[in-house]
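Nothing in this text is a laboratory measurement; each read-out follows from the coordinates by a stated rule. From a predicted model like this one, the values you see are computed outputs, not experimental measurements. Quick reminder, even Gly has a Cβ in these numbers, built from the backbone with ideal geometry, and neighbours come from all protein chains shown.
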Amino acid sequence: MQWDAPSKPLAVDDPLLLPEREVNAEIGINWFLGQEIPKGGYVRILAESLLWKECLGKTRIRTTEGLTTCMEPHRGWTIASSSWNVLQK
């Protein structure tokens with residue numbers, strides 16, 4: 001009979017908490033989704049979700065609440081916004 005090896009708690013690998021900081025960034029005005037995140041990162045909680053609109057030719061694309069949607073009536077689709085960001089690159 002063999003015993004399991006000692007394990008370590010999963011919390012050991014958790015990242016440190018992000019520091020609280022005030023960042024005056026308005027998405028689409030002075031900060032864009034394609035830009036690099038400020039060093040050290042930060043979290044911002046907003047009262048309402050942001051809507052990000054793009055046009056690729058005549059095709060209208062909108063991203064909100066983690067989903068990206070093509071607004072064309074005959075060929076619409078919705079995917080996770082993270083997948084959309086990867087596809088754009």
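Bridging of Lys58 to lysines at a Cα separation below 27 Å is possible for Lys89, once same-chain residues fewer than 8 apart are set aside.
Computed 3J(HN,Hα) for segment 72-80, one whole-Hz value per residue from the Karplus formula 6.51 cos²θ - 1.76 cosθ + 1.60 where θ = phi - 60°, is 6, x, 9, 8, x, 7, 9, 9, 5, glycine and proline marked x. Extension gain for the segment Trp77 to Val43, taken as residue separation times 0.36 nm less the Cα-Cα distance, is 9.3 nm to one decimal. Between Leu87 and Trp3, take the C-beta separation as r, use R0 = 35 Å, and let me know the FRET efficiency to the nearest 0.05. Result of the calculation: an efficiency of 0.15. Couplings 3J(HN,Hα) for segment 56-70, derived from phi with the Karplus relation 6.51 cos²θ - 1.76 cosθ + 1.60 (θ = phi - 60°), are 10, x, 9, 7, 9, 10, 9, 10, 7, 6, x, 10, 10, 10, 8 Hz, where x marks Gly and Pro. For Arg60, the amide hydrogen comes within under 5 Å of the amide hydrogens of Met71, Glu72, counting only partners 5 or more places away or on other chains and with H modelled in the peptide plane.
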